[in-house]
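The values are calculated or read from the model by the stated rules, or taken from the named source; none is laboratory data. Treat the numbers as computed from the prediction; the structure is a model and nothing was measured. Reconstructed Cβ throughout: ideal geometry from the backbone, glycine too, with neighbour counts over all protein chains shown. Accessible surface is based on the protein model in full, side chains and every heavy atom, while ligands, DNA and RNA are left aside. Shrake-Rupley method; radii C 1.70, N 1.55, O 1.52, S 1.80 Å.
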Amino acid sequence: MRIDIISAVPDSLFSPLNTSILKRAQDKKKVEIIVHNLRDYTHDKHKQIDDKPFGGGPGMLLKPEPFFECIEKLISERRYDHIIFTSPKGVLYNQKMANKLSLADNLLMVCGHYKGIDDRVREKFCTDEISIGNYVLSGGELASLVIIDSIVRLIPGVLNDSESALNDSLMDGDFVEPPYYTRPAEIAGMKVPEVLLSGNEKKIKEWKEQQSKLLTEKWKKINNLE
Ligand code: SAH
């Protein structure tokens with residue numbers, strides 16, 4: 001998979017992209033992630049990427065020309081399965097969408113900043129508009145990183161066995177996982193549930209299923225689902 005990200009503040013992307021699982025996925029050549037600095041697509045002395053909105057109002061908008069130039073170059077080089085604009089006005093992101101996006105060959109992420117971007121960029125190029133939650137971020141970079149992280153960990157060979165994504169919460173529909181414990185078996189007077197130490201695989205499986213069911217009910221309730 002190849003993922004391109006267009007950003008006005010590329011520095012905010014590098015540390016997360018070069019850490020832990022995202023780094024390993026790139027080292028293993030499971031994914032290639034290329035960051036494009038919007039300023040590299042300006043042609044004036046001050047490398048200006050923002051301007052005041054027509055019609056007035058507070059805040060600055062990212063100008064369309066650098067996006068047009070960058071996106072036109074990228075789409076002339078390869079076919080993108082999705083060109084994603086990160087936006088609080090978009091469709092709410094979930095695991096099902098992550099699963100679908102993880103099958104793509106080429107993804108392009110467009111990050112807004114300040115008050116947002118000139119809407120013609122979204123209208124002309126973006127195939128998907130995705131929100132990571134009903135709140136407003138300062139830029140699309142964190143949203144892009146959230147989306148990219150959730151996708152990349154699903155690419156076969158990225159996670160090792162002990163990190164397997166298959167039994168994570170939400171992988172199998174609206175279902176959350178049971179609680180987990182590791183050593184020591186007791187801390188601050190709190191004991192690990194006896195059954196997990198019993199060695200009885202059948203009982204352990206039943207306990208996990210029952211806990212998972214209970215936690216799923218609770219999770220649905222606190223999130224007003226169903
Ligand atoms: N004025 C805009 C918000 C701008 S926030 C509005 O009211 O819709 C600046 C940028 O941050 C946005 O262009 C978008 O790319 C990103 N962003 C903010 N909140 C987001 C969210 N919940 N999900 C995804 N991207 C978000």
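Summary value for the chain: 20 percent relative contact order, contacts being C-alpha pairs under 8 angstrom separated by 6+ residues. Only Lys, Arg, Asp and Glu carry charge here, each on its Cβ (+1 for the first two, -1 for the last two); on that basis region 2-152 has a dipole of about 340 debye about its Cα centre. For region 146-184, no residue has its backbone nitrogen under 12 Å from a point 7 Å from the Cα of THR127, taken along Cα to Cβ.
Of the residues TYR93, TYR181, TYR114, the one that moves most in a GNM of the chain with alpha-carbon contacts below 10 Å is TYR181.
For region 139-217, the relative contact order is 26 percent, taking Cα pairs closer than 8 Å that sit 6 or more residues apart in sequence and dividing their mean separation by the residue count. Rg then Dmax, both in Å and based on the Cα atoms of region 174-222: 12.3, 33. Summing Lys and Arg as +1 and Asp and Glu as -1 over all other residues whose Cβ lies under 13 Å from the Cβ of THR42 gives a net charge of -2. Computed from the alpha carbon positions, the gyration tensor of the chain leads to an equivalent ellipsoid with semi-axes of 41, 20, 16 Å, biggest first.
For the chain, the per residue solvent-accessible surface stands at 62 Å², with DNA, RNA and ligands left out and a 1.4 Å probe. Ligands, DNA and RNA left out, the accessible area of the chain computed with a 1.4 Å probe is 53% carbon and sulfur. For the peptides 66-73, 187-194, 3-10, 163-170, the ranking by packing is 3-10, 66-73, 163-170, 187-194, with the highest mean count of neighbouring Cβ atoms within 10 Å listed first.
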